[in-house]
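Asker: Please see the structure below; I have some questions.
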Amino acid sequence: MKIILSLIFSIWGLFAPESVVVDNSGGYFISNMGKLYVKDGNVLYQSKEKNEYILSLVDPRGLYLSGKDLWIVDFDRLIKYDLSSKTYKSYFATFPRYLNDVTMYEGKVYVTDTYGNSVYILENDKLNVVFNILRPNGITTDGKYLYVISFENPAVVYKCSKEGVVESFTLSDVKGGDGIFFADDLFFVSGYNSKNVVVYDKDWNKLLEKKGFSSPSDLYYKDGYLYVPDMKDGKIYVFQVKKEKSK
């Protein structure tokens, strides 16, 4: 199989964008981290009709959209923002170090803590450690397993069940593993330090490497389009993804 990434457009003028998700009307929720550990971050919503900040935070990172709930990871808490009522609730861990990314797996919310070397599950209104991984950053699921990428050189992907790590894969082309997203039987991975995005098939065979980024972070995929936030560039690059059968 051959993968082709074609740059369609970019969203620019952002302040250290970390994550993006797209709603069903084509609007973008974007987390702008700003300066680290300074309360100058925000979550921005952009659409054809509006451009508004929905929350001011410290260092908003991972985003996950589930129905009318927008899950947001700030530096020391997980936030559930109700898009209908525009109200939110915060959830905390006992000793958070650097909360980073979020996904939903088997009806439960999971959050990574990169410098706490932990993956949390949200239970009873609290983030509880479910297993430990070295430098966990991005997190995604194929529906059967969780996949966590480490912020290491080279990056390691950990395939996990609810009980813990099942197996792991070292990605020699990825340094400072940051974003990971599974869709259409493909894994999309970003290397913050290697400044690249790599596409793998579901068996972790490398299909494509895209270089030339400054600091690619969380990745998002929807309806044939891959969204790549680049923090240092202050942009989100949007690529059309095409599959071609190898001759």
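Asker: When you go through 214, 172, 168 one by one, which is the residue that is open to solvent by 50 Å² or more (accessible area, probe 1.4 Å), hydroxyl-bearing (Ser, Thr, Tyr) and farther than 25 Å from residue 116 by Cβ? Outline the logic, then answer.
Answerer: On the way: 214 fails: open to solvent by 50 Å² or more (accessible area, probe 1.4 Å); 168 fails: farther than 25 Å from residue 116 by Cβ.
Matching residue, one of 214, 172, 168: 172.
Asker: Give the residue that is most open to solvent (accessible area, probe 1.4 Å), with candidates limited to residues of the stretch 188-204 that are more than 13 Å from residue 218 (Cβ to Cβ) and out of contact with any Leu (no Cβ under 9 Å at 6 or more places or on another chain).
Answerer: 203
Asker: A follow-up question, please. If I ask for residues that are in contact (Cβ under 8 Å) with a residue 24 or more places away in the chain, in contact with an Asp or Glu (Cβ under 6 Å, 6 or more places away or on another chain) and in a strand (DSSP E or B), which ones from the stretch 19-55 would you list?
Answerer: Correct list: 19, 31, 41.
Asker: Here is a further query. Working carefully through the options 113, 142, find the one that is of a type in the set (D, E, K, R) and open to solvent by less than 10 Å² (accessible area, probe 1.4 Å). Talk me through it step by step, then tell me what you get.
Answerer: Numbers: 142 fails: open to solvent by less than 10 Å² (accessible area, probe 1.4 Å).
113 is the lone residue from the list that is of a type in the set (D, E, K, R) and open to solvent by less than 10 Å² (accessible area, probe 1.4 Å).
Asker: Working only within the stretch 93-105, note down all residues that are loosely packed, with under 13 Cβ neighbours inside 10 Å and either part of a strand (DSSP E or B) or in contact with a Lys or Arg (Cβ under 7 Å, 6 or more places away or on another chain) (or both). Before the answer, list the steps.
Answerer: Our first condition is that a residue be loosely packed, with under 13 Cβ neighbours inside 10 Å; within the stretch 93-105, this holds for 94-95.
Of everything in the stretch 93-105, nothing turns out to be loosely packed, with under 13 Cβ neighbours inside 10 Å and either part of a strand (DSSP E or B) or in contact with a Lys or Arg (Cβ under 7 Å, 6 or more places away or on another chain) (or both).
Asker: Which count do you get for residues in the stretch 32-63 that are surrounded by fewer than 19 Cβ atoms within 10 Å (Cβ to Cβ), of a type in the set (Lys, Arg) and within 17 Å of residue 77 (Cβ to Cβ)?
Answerer: Within the stretch 32-63, residues that are surrounded by fewer than 19 Cβ atoms within 10 Å (Cβ to Cβ), of a type in the set (Lys, Arg) and within 17 Å of residue 77 (Cβ to Cβ) number 1.
The values are calculated or read from the model by the stated rules, or taken from the named source; none is laboratory data. Note that the structure is a prediction, hence the values are computed from the model and not measured. In this analysis, Cβ positions are derived from the backbone assuming ideal geometry, glycine residues included, and neighbour counts consider all displayed protein chains. The protein model used for the area step is the full one, side chains on, heavy atoms only, and it has no ligands, DNA or RNA in it. Shrake-Rupley method; radii C 1.70, N 1.55, O 1.52, S 1.80 Å.
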